[in-house]
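Just below is one structure, and these are the notes that go with it.
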Amino acid sequence: MGNPPSTAKSSSMVDRDGKSKEKDPLVVCFGEMLIDFVPTVGGVSLAEAPAFKKAPGGAPANVAVGIARLGGSAAFVGKVGDDEFGHMLSDILKQNNVDNSGVCFDSKARTALAFVTLRADGEREFMFFRNPSADMLLRESELNKDLLKKASVFHYGSVSLIEEPCRSTQLAAMKIAKKAGCILSYDPNLRLALWPSPQAAKKEIMSIWDQADIIKISEEEISFLTDGADPYDDNVVLKKLFYPNVKLLLVTEGSEGCRYYTKEFKGKVGGVKVNCIDTTGAGDAFVSGLLNSFSADLNLHKDEKKLREALLFANACGALTVTERGAIPALPTKEAVIQVLPKVEA
């Protein structure tokens with residue numbers, strides 16, 4: 001391996017002996033990778049859809065591909081079935097320049113499937129096939145620990161917390177990454193249909209809240225996690241969700257942009273207006289845009305001007321993704337994002 005490109009800065013870390021060391025700006029994403037089936041026409045329920053288009057998906061995998069497509073360095077850790085779809089997904093990671101050395105295959109479980117639609121009333125509808133799927137069966141012994149230790153940012157969600165053994169594996173991976181000096185990035189990515197109950201979802205999602213450095217949530221997730229409190233009230237966010245450990249808390253508002261909260265400042269960055277076709281993957285594209293910037297500058301949250309620039313870029317990533325169907329197929333390149341940036345003011 002040669003030196004990293006001059007455009008990518010190494011992230012300074014301090015190891016357990018107190019010695020400074022350099023890490024490349026690698027983002028390792030942990031969790032589920034699956035096949036999304038998206039209706040070939042918009043604005044219909046799953047039952048009304050005449051046909052479906054197969055698209056690779058799964059929030060952590062989407063983020064990894066999004067980062068790589070922007071020119072960043074990303075890896076994925078997870079498990080798929082030892083089947084046609086599983087090998088296809090692993091190959092898609094490789095084709096998109098994502099390190100897939102953390103992908104495991106299970107011969108006894110299938111790759112997860114999800115049918116996703118945006119109905120005419122604007123509501124997303126999900127139907128999942130996981131009983132159990134391979135991603136739920138990842139064990140700690142199967143983790144690529146060297147890959148985790150190399151990361152400057154470790155990104156994960158909450159879907160992996162639903163069932164054992166994957167729950168314990170995620171907690172172990174977080175511990176390994178944290179010990180190696182990684183920034184921990186958390187997108188709860190609430191999918192209530194997968195949880196045994198809303199109470200179980202809230203309990204598990206919040207159980208790892210105090211370990212993350214960066215947290216990205218939506219308005220709906222704020223309402224859910226705060227038992228119906230106003231998601232637009234800064235006091236609600238700061239008192240109920242901004243824990244002392246958090247370096248950066250982000251609230252995405254779809255086409256309206258996002259809000260940001262740090263210990264020193266808070267604000268809002270407007271969205272990028274586009275013609276929306278399918279919102280699948282928009283939040284993941286936003287995260288990939290942010291983490292691509294963050295992995296190259298781990299102090300981004302301390303400089304409000306730089307943070308706002310990074311968030312405008314992330315908003316544009318999310319916006320471009322909704323102009324096509326599916327998640328991974330719609331994730332933008334850095335060049336495409338830069339083209340739409342001048343049209344919008346922060």
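See the values below:
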read-out	value
Cβ-Cβ under 6 Å pairs, at least 6 apart or on other chains, the range 294-306 side over 13 Å from VAL153 (Cβ atoms) and at pLDDT below 95, far side among the charged types (D, E, K, R) and not in a helix (DSSP H, G or I)	none
Residue among ASN275, ASN245 that alone is open to solvent by 20 Å² or more (accessible area, probe 1.4 Å), out of contact with any helix residue (DSSP H, G or I) (no Cβ under 7 Å at 6 or more places or on another chain), outside any helix (DSSP H, G or I) and not acidic (Asp, Glu)	ASN275
Any hit, the range 150-157, residues being open to solvent by 60 Å² or more (accessible area, probe 1.4 Å) and over 12 Å from VAL28 (Cα atoms)	no
Residues of the range 206-223 satisfying the condition of being part of a helix (DSSP H, G or I) and either closer than 12 Å to PHE242 by Cα or out of contact with any Asp or Glu (no Cβ under 9 Å at 6 or more places or on another chain) (or both)	MET206, SER207, TRP209, ASP210, GLN211, GLU220, GLU221, ILE222
Pair list, Cβ < 7 Å and 6+ apart or interchain, from the range 126-142 residues that are farther than 7 Å from LYS79 by Cβ to residues that are among the polar types (S, T, N, Q)	SER133/THR111; ARG139/THR169; GLU140/SER168; GLU140/THR169
Unique match (being at pLDDT 95 or above and in a loop (DSSP other than H, G, I, E, B)) among ALA49, ALA61	ALA49
Within the range 291-346, considering residues that are among the hydroxyl-bearing types (Ser, Thr, Tyr) and outside any helix (DSSP H, G or I), the one surrounded by the fewest Cβ atoms within 10 Å (Cβ to Cβ)	THR333
Test: GLU125 is more than 22 Å from ALA49 (Cβ to Cβ) and charged (D, E, K, R)	no
Filter result for the condition that a residue is within 19 Å of the chain's Cα centre (by Cα), open to solvent by 40 Å² or more (accessible area, probe 1.4 Å) and aromatic (Phe, Trp, Tyr), over PHE128, PHE105	PHE128
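Residues checked against (1) closer than 24 Å to THR279 by Cα; (2) touching a helix residue (DSSP H, G or I) at 6+ places or on another chain (Cβ under 9 Å); (3) free of Cβ contacts under 8 Å to residues at least 24 places away in the same chain; (4) crowded, with 23+ Cβ neighbours inside 10 Å:
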| position | (1), (2), (3), (4) |
| --- | --- |
| LYS54 | yes, yes, yes, no |
| ALA59 | yes, yes, no, yes |
| LEU70 | yes, yes, no, yes |
| PHE76 | yes, yes, no, yes |
| ASP82 | no, yes, no, no |
| LEU89 | yes, yes, no, yes |
| ASP99 | no, yes, no, no |
| THR117 | yes, no, no, yes |
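The values are calculated or read from the model by the stated rules, or taken from the named source; none is laboratory data. Just so you know, these numbers come straight off a predicted model, no measurement behind them. Note that each Cβ is placed from the backbone with ideal geometry, even for glycine, and that neighbours are counted across all protein chains shown. When the accessible area is computed, the model is the full protein with side chains, heavy atoms only, and any ligands, DNA or RNA have been set aside. Shrake-Rupley method; radii C 1.70, N 1.55, O 1.52, S 1.80 Å.
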